[in-house]
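Q: My questions will all concern the structure given below.
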Amino acid sequence: MVGSLTHRNDLSKRAIADRLRHAGVDRQIAETVISEELADYDERSRAQQAAAKHMKKLANLEPTVLRRRLYSYLQRRGFSPHLIRDILQEIQPDDDPSAP
């Protein structure tokens with residue numbers, strides 16, 4: 001199940017753990033499986049892939065709307081706010097540090 005979650009979806013480790021627990025997997029077992037199966041899981045790379053993929057759907061939006069929607073999209077996939085801001089800064093530099 002972990003393999004299918006990582007290959008079909010651009011999710012963070014936290015989101016994968018949440019989905020496993022929602023499917024009835026014990027918290028401790030989920031954490032063990034994730035630590036073993038996803039030891040080399042690069043969340044930054046996953047977030048970048050997810051952002052690039054979703055950007056295609058948002059291409060016609062104005063920059064502030066695009067940033068807001070992309071932030072929300074990545075947040076729903078379990079990525080941390082700090083990582084999301086870094087990804088957004090890489091994709092679309094913005095002078096306003098308070099912008100999402």
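The values are calculated or read from the model by the stated rules, or taken from the named source; none is laboratory data. All of these numbers come straight from a predicted model, not from anything done at the bench. Virtual Cβ from ideal backbone geometry, glycine too; neighbours counted across all protein chains shown.
Q: Counting just the residues of the range 39-69 that are loosely packed, with under 11 Cβ neighbours inside 10 Å and among the charged types (D, E, K, R), which one comes out modelled with the lowest pLDDT?
A: Across the range 39-69, the extreme among qualifying residues is ASP40.
Q: Any residue in the range 1-8 that is modelled with pLDDT of 80 or more, assigned to a helix (DSSP H, G or I) and either touching an Asp or Glu at 6+ places or on another chain (Cβ under 9 Å) or surrounded by 13 or more Cβ atoms within 10 Å (Cβ to Cβ) (or both)?
A: no
Q: Out of ASP86, ASP40, report the one residue that is of a type in the set (D, E, K, R) and assigned to a loop (DSSP other than H, G, I, E, B).
A: Answer to the check: ASP40.
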